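Before any comments, here is the structure.
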Amino acid sequence: MHELLVLFDVDEVYVESNRDALLAVWGSAPDGPDVPGDTATAHTRRALRGAGFSDEEIDAGLDRWCALFPDRYVELLRDADTSHWQMPDGAAATLRRVAHRALLTGNPEAVARARLRRLGLADLFPKGEGAFGCEREDRVALFELARERAGGWPAERTVAVGDTPLDVSSAHEAGARCVALTTGAYDRDRLRDADVVIGALQELPSALASLV
């Protein structure tokens, strides 16, 4: 497994904090079409375009939104009941078996790391590695950034771990492979284009071994 760079996605729903940041920056908080697995900035652009905002107006506010939104999320999270957030038994031990691991997520970094802290997994993903949604709007471009931060890791030895069809297709478009988990909203058939499909995180080490 030491021969693979494994990139993990961290999904989160953040309706209230996103709405507050949208209102603060653009004075409007439209709902847009949902594309599970896409970057937060891409979601924001689709929603604002649908509400009539031009790309110039969106671009002018994205940096400010990327600053306000995570701050508001972390603020709301302090008092939020997250008892329903659960990781499978042995998740930390499974992740530790992956020698080269990093985050690759469409969420801003502060949002992803706040969730990991609540789950007790923060120490498994050091800062300065991986790639995050406010760093690149195009999910495919996140792979190149994550590989650069891993010392120029080859695309063909990079594996994404995700649970949406976009996780799969973006990995392949970036020249990487993908292990798909059926623990989210998509079943094995919807994720069939992945290199390996598994039903539980505990199956990850054997899945990765099959790709070496």
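The values are calculated or read from the model by the stated rules, or taken from the named source; none is laboratory data. If you're wondering where the values come from, they're calculated on a predicted model, not measured in any experiment. Note that each Cβ is placed from the backbone with ideal geometry, even for glycine, and that neighbours are counted across all protein chains shown. To get the accessible areas, we keep the full protein, side chains included, count just its heavy atoms, and leave off ligands, DNA and RNA. Shrake-Rupley method; radii C 1.70, N 1.55, O 1.52, S 1.80 Å.
Total residues in segment 1-41 satisfying the condition of being in a helix (DSSP H, G or I), of a type in the set (V, I, T) and surrounded by fewer than 19 Cβ atoms within 10 Å (Cβ to Cβ): the figure is 1.
Taking segment 111-212 and the strands (runs of 3 or more DSSP E) fully enclosed by it, the elements with 3 or more residues that are in contact (Cβ under 8 Å) with a residue 24 or more places away in the chain and of a type in the set (V, I, T) are at 158-162. Considering only residues that are at pLDDT 95 or above and among the small types (G, A, S), look in segment 129-155 and name the one that is farthest from C178 (Cα to Cα). Ranking the qualifying residues of segment 129-155, first place goes to G151. With respect to the conditions (1) within 21 Å of D163 (Cβ to Cβ); (2) modelled with pLDDT of 95 or more, Q86 falls short on a single one, namely (2). Close Cβ contacts (under 6 Å, 6 or more residues apart or on different chains) running from residues in segment 42-59 that are surrounded by 15 or more Cβ atoms within 10 Å (Cβ to Cβ) to residues that are assigned to a helix (DSSP H, G or I) and of a type outside the set (A, V, I, L, M) comprise I58/R45. So, A93, is that one in contact with an Asp or Glu (Cβ under 7 Å, 6 or more places away or on another chain), closer than 18 Å to Q202 by Cα and either of a type outside the set (D, E) or buried (at least 20 other Cβ atoms within 10 Å of the Cβ) (or both) or not? No. Somewhere in segment 97-105, is a residue free of Cβ contacts under 8 Å to residues at least 12 places away in the same chain, closer than 24 Å to F125 by Cβ and outside any loop (DSSP other than H, G, I, E, B)? No.
Residue under question is A155, and the condition is that it be open to solvent by less than 60 Å² (accessible area, probe 1.4 Å) and in contact with a Gly (Cβ under 8 Å, 6 or more places away or on another chain); does it hold? Against the criterion (open to solvent by less than 60 Å² (accessible area, probe 1.4 Å) and in contact with a Gly (Cβ under 8 Å, 6 or more places away or on another chain)), A155 qualifies.
The numbered conditions (1) touching an Asp or Glu at 6+ places or on another chain (Cβ under 8 Å); (2) buried (at least 21 other Cβ atoms within 10 Å of the Cβ) are all true for G133 except (1). Hey, V212 hits all of (1) farther than 29 Å from N18 by Cα; (2) modelled with pLDDT under 95; (3) crowded, with 19+ Cβ neighbours inside 10 Å but one; which does it fall short on? It is condition (3) that V212 fails.
Within segment 51-79, the set of residues being more than 19 Å from P33 (Cα to Cα), touching a Ser or Thr at 6+ places or on another chain (Cβ under 8 Å) and of a type in the set (G, A, S) is empty. Of the residues contained in segment 65-81, one or more are found to be small (G, A, S) and either open to solvent by less than 40 Å² (accessible area, probe 1.4 Å) or in a helix (DSSP H, G or I) (or both). Residues in segment 168-193 that are of a type outside the set (D, E, K, R), touching a helix residue (DSSP H, G or I) at 6+ places or on another chain (Cβ under 8 Å) and either closer than 19 Å to L103 by Cβ or surrounded by fewer than 17 Cβ atoms within 10 Å (Cβ to Cβ) (or both): S170, A171, A174, G175, A176, C178, V179, A180, L181, T183. Determine, yes or no, whether A102 is more than 17 Å from the chain's Cα centre (by Cα) and either at pLDDT 95 or above or open to solvent by less than 10 Å² (accessible area, probe 1.4 Å) (or both). So A102 fails the test.
Do we find that A122 is open to solvent by 60 Å² or more (accessible area, probe 1.4 Å) and modelled with pLDDT under 95 in this structure? No; evaluated as a whole, the condition is false for this residue.
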